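Enquirer: My structure is below; once you've seen it, I'll send some questions.
Derivation of every value follows stated rules applied to the coordinates shown; laboratory data play no part. If you're wondering where the values come from, they're calculated on a predicted model, not measured in any experiment. Neighbour counts are summed over all protein chains in view; Cβ atoms, including those assigned to glycine, are modelled from backbone coordinates with ideal geometry.
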Number of protein chains: 2
Amino acid sequence: MDSRSGRGGRPARQADIAEAAGVSQTTVSLVLAGNREGVRLSESTRQRVLKAAEKLGYVPDPVATRLASSRNHMLGVYTFASAFPTDVDGFYYPILVGVEEEAAALGQDLVLFTGTGGADARAHDRTTIRRTRITDGCLFFGRHIPEEPIDWLLGSGFPLVYIGRRDELDGRIPFVGVDYVTASAAVVDRLVAQGHRSIRYLREDDDAPSSTDRETGVLQAVRRAGLPTAKVVVRRAPSDVGPSLIAGWRRAGVTAVIVEETDTGSLARALFETLDAAGLRCPDDLSLAVLGRSPYRPEASGFEVPRRELGRRSVRLLVDQITAAPGERRTAQELLPCTPVIGNTIGPA
Amino acid sequence: MDSRSGRGGRPARQADIAEAAGVSQTTVSLVLAGNREGVRLSESTRQRVLKAAEKLGYVPDPVATRLASSRNHMLGVYTFASAFPTDVDGFYYPILVGVEEEAAALGQDLVLFTGTGGADARAHDRTTIRRTRITDGCLFFGRHIPEEPIDWLLGSGFPLVYIGRRDELDGRIPFVGVDYVTASAAVVDRLVAQGHRSIRYLREDDDAPSSTDRETGVLQAVRRAGLPTAKVVVRRAPSDVGPSLIAGWRRAGVTAVIVEETDTGSLARALFETLDAAGLRCPDDLSLAVLGRSPYRPEASGFEVPRRELGRRSVRLLVDQITAAPGERRTAQELLPCTPVIGNTIGPA
DNA sequence: CTGAAAGCGCTTACAG
DNA sequence: CTGAAAGCGCTTACAG
């Protein structure tokens, strides 16, 4: 049995222990903090304090601890995506799973910053973003990034890691990204090896790094194959993907189409639906490759983004940043390789 | 342009604003807190303070706010389940989605308490659980509940809501649960209406309320139908579900089997696999009903647990508890109805 | 080896 | 209408 609390039914504090053990509150703090170097306490005092703490059912107040010291073993997760990953089929969910796994493994709690009302109504301003400072460090993600508040956070020395490559702010943003360039080039290589000479790459009309990198990889490989790059890249909003686009390609002798699958997922989907509606089958009528795996056609050829690993590594990098001495903290940026997906939509030209 | 911070590059505090505006820090706090009743401030002071705050890019420190006051608009999520919902197919994920949606709608951030290392190694003791107090209130879930720390939290007046019905601690635990009794009885009614007279109910050998309630509903309906209840309930560990069990039922003339789908999901799965292995088809050879929807056989007849709604309502109840005056806070307990699933595994006896 | 004091950044009576 | 002071529960120099 224990008394379960300090005076008045509230949870016991260090002061209650101090009183019970006949020592100062400072001493209690010292004892409970464990063996900090340079501090020596008599064994008898230690025991008395420990016993009193046990008896009173003492548990440190995490809020006070955080205010007075610096670490609280909480990591933030903040998203600039239009929808927080509440969607079961969402692009972000596997990333979150990885984040959660690694956080648990490293003994960190997670704070999901969702509280600003509807995702759309949300202003990613400084006030909103500064709330992340309640944590030891924060993970950010989303296709686009508001530079000002991130700059501000970074400038204040707050540890953060972006999930996804970022080149804003003179490359000062630490991130764990995906090597879309290499993966995308490999897809083109595969098509070329199958004899395809007239290829189109359908991409979103939106310049997030993940899209830009895919395009870079595609063009690199096209050039390397000695093919003309002029008409390869086709920018389209999902709503502008229709029968006439496909018909035009076929007239031009196009034999393979590549499409990107991003966090919005709608462009690839629009293409699949248009192909289906036109009665075209892949790879019989046309070879198809997807840069990233689509839930609507998981068997398509292309590559898979290591989303879970992305989450895990981001957490590890963030914890590294938090742990590193502020002086020696360098901008850490890493890229993860994608896994090729053989699939069944690429055939000979 | 603004100076972005107080002196020395650190984020601005109220004291910095006070200095800049030539008022006291108290006044700054008063102004920024908005219109608290009984406090009147001259418009000119207000404006000066607001202007200075804006200029310095002031954002309140949530930790300090929480320590000094009581609310910080963060809700906790804590699980006693053996696995935190990191599993994509996990039972808990839809609940979490509901929690997140509603939290966002109500302007609350979410803290996921995952940080105690591996789920199994985790000791749900007071120290671990008290960390939830960093939030305004916390959601708990999992089949089993360690009474002592929950009692302790409850006793300290900390708002909490259990996701799932609970009758421990003399019914003092607020919860949002599922009406398994009614839903399970309805399933039996359906079987009886189809002429089934010899029914077996396969359940886990584990007494969580969700299992107990299903059994209660099943037995209620069996009794109501004037059928013997003696042999209806069969308790089995998933590993003990095999061909001999099924063979025995068939010899005994059993025409319908009901199985529960819980958060572990393994018992229903074991049954499906055994039926498949035995080459039995439902409803041709045997009618089958699942109490809860299984990802392994979503088309099975039975009912669907309103998991997303469970999450949403839990958040609402929790926020109600937080908002209510401590005195008038009553134990709030509610049960949600399940959605019947017609399915294709029930046929005439 | 131990304690008194200041401080983390706020809120909240309590005075004027 | 505004300010000085105490307090939330800790940690961390700084003295002894």
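Enquirer: If the only charges are +1 at each Lys and Arg Cβ and -1 at each Asp and Glu Cβ, what is the size of the charge dipole of region A:180-305 around the Cα centre, to the nearest 20 debye? Numbers along the way, then the final one.
Expert: Details: 16 positive and 17 negative charges, 122 e Å.
I would put it at about 580 debye.
Enquirer: What order do you get for A:Ile199, A:Ile258 when you list them from fewest to most C-beta neighbours inside 10 Å? Show your work: numbers first, answer last.
Expert: On the way: A:Ile199 25, A:Ile258 28.
With the fewest neighbours first, A:Ile199, A:Ile258 line up as A:Ile199, A:Ile258.
Enquirer: Just counting partner chain Cβ atoms within 10 Å, what average do the residues of peptide B:174-186 show around their Cβ?
Expert: Per residue, the average neighbour count from other chains is 0.
Enquirer: Within 10 Å of each residue's Cβ, count the other Cβ atoms and sort B:Asp285, A:Asp16 from fewest upward.
Expert: Ascending number of Cβ neighbours within 10 Å: B:Asp285, A:Asp16.
Enquirer: Give me the aspartates and glutamates in straight-line cross-link reach of A:Lys231: C-alpha distance below 19 Å, same-chain residues under 8 apart excluded.
Expert: A:Asp189, A:Glu204, A:Asp205, A:Asp206, A:Asp207, A:Asp213, A:Glu215, A:Asp240, A:Glu260
Enquirer: Put a point 7 Å out from Cα along the line to Cβ at B:Ala68; what are the distances to that point in the other copies, in nm, shortest first?
Expert: List, nearest first: 1.8 nm.
Enquirer: Counting just the Cα atoms, what span does region A:180-305 cover along each of its three principal axes? Round to the nearest Å and put the largest first.
Expert: 34, 30, 25
Enquirer: Kirkwood hydrodynamic radius, computed over distinct alpha-carbon pairs, for chain A: how many Å, to one decimal?
Expert: Details: mean 1/r = 0.0427 Å⁻¹.
Evaluated on chain A, it is 23.4 Å.
Enquirer: On a full-extension model of 0.36 nm per residue, what is the gain between B:Ser69 and B:Tyr296, subtracting their alpha-carbon distance, rounded to one decimal in nm? Don't jump to the answer; show the numbers that get you there.
Expert: Details: separation 227, 0.36 × 227 = 81.72 nm, distance 4.85 nm.
Length gained between B:Ser69 and B:Tyr296: 76.9 nm.
Enquirer: For peptide A:132-143, compute the average count of partner chain beta-carbon atoms within 10 Å of each residue's beta-carbon.
Expert: Working: counts 2, 5, 11, 3, 0, 0, 0, 0, 0, 0, 0, 0.
So the per-residue partner count for this stretch is 2.
Enquirer: Considering the convex hull of the alpha carbon atoms of the protein assembly as shown, report its projected area averaged over all viewing directions, in nm², one decimal. It would help to have the intermediate numbers written out before the result.
Expert: On the way: hull surface 156.0 nm².
Its Cα hull, projected and averaged over all orientations, spans 39.0 nm².
Enquirer: To continue, here is another question. For B:Arg46, which inter-copy label distances result when the label point lies 7 Å beyond Cα on the Cα-to-Cβ vector, reported in nm to one decimal and in ascending order?
Expert: Values, ascending and in nm: 5.8.
Enquirer: Using a 10 Å cut-off around each Cβ, can you sort B:Thr331, A:Thr26, B:Thr212, B:Thr132 from fewest to most neighbouring Cβ atoms?
Expert: Details: B:Thr331 13, A:Thr26 10, B:Thr212 16, B:Thr132 23.
Neighbour counts put them in this order, fewest first: A:Thr26, B:Thr331, B:Thr212, B:Thr132.
Enquirer: Here's another thing I want to ask about it. Quickly work out the B:Asn344-to-A:Asn344 label distance, labels modelled 7 Å from Cα along the C-beta direction, and quote it in nm with one decimal.
Expert: Label at A:Asn344, label at B:Asn344, 2.1 nm between them.
Enquirer: Taking the Cβ of B:Glu168 as the centre, find all other residues whose Cβ is under 11 Å away and add up their charges (Lys, Arg: +1; Asp, Glu: -1). It would help to have the intermediate numbers written out before the result.
Expert: Values: positive: B:Arg165, B:Arg166, B:Arg172; negative: B:Glu147, B:Glu148, B:Asp151, B:Asp167, B:Asp170.
Residues near B:Glu168 contribute -2 overall.
Enquirer: Can you give the mean number of other chain Cβ atoms that lie within 10 Å of the Cβ atoms in peptide A:95-104? Can you show the working numbers first?
Expert: Numbers: counts 0, 3, 7, 1, 3, 5, 3, 2, 5, 11.
Whole-number average of other-chain Cβ neighbours for A:95-104 is 4.
Enquirer: If you don't mind, another one. Using only C-alpha positions, report the orientation-averaged shadow area of the convex hull of region A:248-324, nm², one decimal.
Expert: Numbers: hull surface 26.0 nm².
That works out to 6.5 nm², a quarter of the Cα hull's surface.
Enquirer: Can you list, shortest first and in nm, the gaps between the label point of A:Gly253 and those of its counterparts in the other copies, using a point 7 Å from Cα in the C-beta direction?
Expert: In ascending order, 7.9 nm.
Enquirer: Straight-line reach from A:Lys51: which aspartates and glutamates have a Cα under 15 Å away, not including same-chain ones fewer than 8 places off?
Expert: A:Asp2, A:Asp16, A:Glu19, A:Glu43
Enquirer: What FRET efficiency would be calculated for the residue pair A:Ala252, B:Glu54, taking the C-beta separation as r and a Förster radius of 45 Å, to the nearest 0.05?
Expert: Working: r = 56 Å, r/R0 = 1.25.
E(calc), rounded to 0.05, equals 0.20.
Enquirer: Summing -39500 (n - 2.57) over the DSSP H runs of n ≥ 4 in chain B and dividing by its residue number, what mean residue ellipticity at 222 nm do you reach, to the nearest 500 deg cm²/dmol? Don't skip to the answer; put the middle values down first.
Expert: On the way: 13 runs with 136 residues, N = 349.
Value at 222 nm, helices only, nearest 500: -11500 deg cm²/dmol.
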